[in-house]
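Asker: First, the structure itself, so that you have it in front of you.
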Amino acid sequence: SLAGLVDRIPRGARVHLVGHSLGGLVARWYVQELGGHHRVVQTISLGSPFHGTRHAHKVPVLVGRDLTASSHVLHQLRSRAHEFDVPHTSIVGGDDKMVVPSESAVFPVGDVVHLDGRGHNSLLYDKESMAHVVDRIRHR
């Protein structure tokens with residue numbers, strides 16, 4: 001689990017969580033619901049469906065229902081976002097065909113970086129996308 005991994009990191013280390021797609025949701029869940037706000041300096045998401053995705057039906061049943069726009073899990077993440085002082089950056093691909101509409105990838109708090117012409121998976125390999133991640137980590 002993410003909590004188990006973070007627990008193995010020495011206390012005092014600066015922990016930055018970067019997650020793609022579902023990984024961004026897991027990072028924020030850890031911060032907000034599992035006490036991760038005590039360890040995590042910031043979270044960064046790349047193409048994470050914080051407001052759901054129209055393609056949730058394509059994801060396996062156990063996870064898919066939590067990726068719909070009406071999901072209780074996503075509602076809880078969004079509604080409690082302001083309760084935690086852990087900065088967040090949403091990196092959004094303007095050509096993301098998985099997180100549709102692309103505004104679904106915007107978390108209710110923090111900065112937003114829109115990258116036109118980038119798709120869901122290309123956010124992981126795009127030089128500008130990665131430059132934003134590195135910059136955020138260096139300056140936080």
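Asker: Only one of the values [x] 0.94; [y] 1.21; [z] 1.00 was calculated from this structure for Cα Rg over 2.2 N^0.38 Å; name its label.
Answerer: Here the calculated entry is [z].
Asker: Among S102, S79, S90, whose mean-square fluctuation peaks in a Gaussian network model of the chain (Cα, cutoff 10 Å)?
Answerer: In this elastic network of the chain, the residue with the biggest mean-square fluctuation among S102, S79, S90 is S79.
Asker: Next question. Considering only protein heavy atoms and a probe of 1.4 Å, how much of the accessible area of the chain is carbon and sulfur, as a whole percent?
Answerer: Using a 1.4 Å probe with all protein chains present, the chain comes out at 56 percent carbon and sulfur.
Asker: For the chain, report the accessible area per residue in Å² (1.4 Å probe, heavy atoms, rounded to an integer).
Answerer: Details: 7420 Å² over 140 residues.
Computed with neighbouring chains in place, this is 53 Å² per residue.
Asker: Sum -39500 (n - 2.57) across every DSSP H segment of at least 4 residues in the chain, then divide by the residue count to get the 222 nm mean residue ellipticity, nearest 500.
Answerer: -8000 deg cm²/dmol, from helical runs alone.
Asker: Could you grab the relative contact order for the chain? Cα pairs under 8 Å, six or more apart, rounded to a whole percent.
Answerer: So the answer I get is 22 percent.
Asker: Tell me which residues come under 5 Å, amide H to amide H, from V18 once H is placed; ignore anything under 5 positions away on its chain.
Answerer: Here I44 satisfy the definition.
Asker: Can you give the FRET efficiency for D135 and A13, using 1/(1 + (r/R0)^6), R0 = 30 Å, r = Cβ-Cβ distance, to the nearest 0.05?
Answerer: It comes out at approximately 0.90.
Asker: In whole Hz and in residue order, list the ³J(HN,Hα) couplings for segment 123-140 that follow from phi through the Karplus curve 6.51 cos²θ - 1.76 cosθ + 1.60, θ = phi - 60°; x for Gly and Pro.
Answerer: Whole-Hz 3J(HN,Hα) from phi for segment 123-140: 4, 6, 10, 6, 4, 5, 4, 5, 4, 5, 4, 4, 4, 4, 5, 5, 9, 10.
Asker: So what does L67 come to for accessible area, using a 1.4 Å probe and Å² rounded to 10?
Answerer: Counting only protein heavy atoms, L67 exposes about 20 Å² to solvent.
The values are calculated or read from the model by the stated rules, or taken from the named source; none is laboratory data. The structure presented is a predicted model; accordingly, all values stated were derived computationally and were not measured. FYI the Cβ positions are ideal-geometry reconstructions off the backbone, even for glycines, and counts take in every protein chain you see. Side chains included, ligands, DNA and RNA excluded: accessible areas come from the protein's heavy atoms. Shrake-Rupley method; radii C 1.70, N 1.55, O 1.52, S 1.80 Å.
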